[in-house]
Amino acid sequence: MRVAFLVAPEGVEQVELTEPWKAAKDAGHEPVLVSTEAGKVQGFNHLDKADTFDVDEVVGETSANSFGGLVLPGGVANPDFLRLDEKAVAFVKDFFDQGRPVAAICHAPWTLVEADVVRGRVLTSWPSLKTDIRNAGGTWVDEQVKICDHGSNQLVTSRKPDDLKAFCNAFLHVFAGEAG
């Protein structure tokens, strides 16, 4: 399965990109780095610059049709940039409209809130997003990983980098069900 990893040009929490990427690749999926601009994206270790990564495809020049699933890494700035980009928000919403699985960790649900896809859903995130999720019609829970089936697709969410192992296991399980 081709798996889109959507990130802004700057601000992605590096470990929330690299660990799920490796997990997807090790499981036989084809991870594809999608961003709002061509070139490179700048990873961060919290607030410190880390590595850069080559963008494979650009939002607006690709579509959810060419992917089996979507992973949204976190970082505070990353989803804040994405939720201001209409094409990125539309790209995310399209996965929900098409019933394709989506996985989001840490602050990434901010982009889901902007896409208006959390209404009636149960999800987790970094605790500071609790009110935003509730105001958008979702139910926030404080759990290591949450798989929500209440909607057109399966949504996998986790709170923080410490949850990455559970997050990767959960989204790989969900994506395997879609690929099978």
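The values are calculated or read from the model by the stated rules, or taken from the named source; none is laboratory data. As the structure is a prediction and not an experimental result, all values here were calculated from the model. Counting neighbours? That spans all protein chains shown, and the Cβs are built from the backbone with ideal geometry, glycine included. We work out accessible area using only protein heavy atoms, side chains counted, and drop any ligands, DNA or RNA first. Shrake-Rupley method; radii C 1.70, N 1.55, O 1.52, S 1.80 Å.
Annotations
- For the chain: accessible area per residue (Å², 1.4 Å): 44 Å²
- Per-residue 3J(HN,Hα) values for segment 115-128, derived from phi via the Karplus relation 6.51 cos²θ - 1.76 cosθ + 1.60 with θ = phi - 60°, read 7, 6, 10, 9, 4, x, 9, 10, 8, 10, 5, 4, x, 5 Hz in sequence order (x marks Gly and Pro).
- Cβ crowding within 10 Å averaged over residues, with 27-34, 130-137 ranked highest first: 27-34, 130-137
- For the residue pairs Lys49/Lys146; Lys25/Lys146; Lys25/Lys130; Lys22/Lys130; Lys40/Lys130; Lys87/Lys165, the alpha carbons lie more than 26 Å apart in Lys49/Lys146; Lys25/Lys130; Lys22/Lys130; Lys40/Lys130; Lys87/Lys165.
- Sorting 71-79, 144-152 by average packing, meaning the other beta carbons within 10 Å per residue, from highest down gives 71-79, 144-152.
- Within the set [x] 16.9; [y] 15.5; [z] 18.4, the number that Kirkwood radius over Cα pairs in Å takes when calculated for this structure is listed as [y].
- For segment 2-178, a crude dipole built from +1 on the beta carbon of Lys and Arg and -1 on the beta carbon of Asp and Glu, taken about the Cα centre, is about 460 debye to the nearest 20.
- Cβ-derived FRET efficiency at R0 25 Å, His46 paired with Asp116, nearest 0.05: 0.30
- Across segment 48-55, computed HN-Hα scalar couplings (Karplus, 6.51 cos²θ - 1.76 cosθ + 1.60, θ = phi - 60°) run 9, 4, 10, 8, 10, 9, 6, 7 Hz from first to last residue, x flagging Gly and Pro.
- Solvent-accessible area, 1.4 Å probe, carbon plus sulfur percent, for the chain: 46 percent
- Taking Lys and Arg as +1 and Asp and Glu as -1, the other residues whose beta-carbon sits under 11 Å from that of Trp140 total +2.
- Farthest toward positive dipole pole in the chain [+1 Lys/Arg, -1 Asp/Glu at C-beta], among Val117, Val92, Asn78: Val117
- Seen from Lys49, the other residues with C-beta closer than 13 Å to its C-beta sum to a net charge of -3, counting Lys and Arg as +1 and Asp and Glu as -1.
- Calculated mean residue ellipticity at 222 nm for the chain: -9500 deg cm²/dmol, from DSSP H runs with n ≥ 4 weighted as -39500 (n - 2.57), summed, divided by the residue count and rounded to 500.
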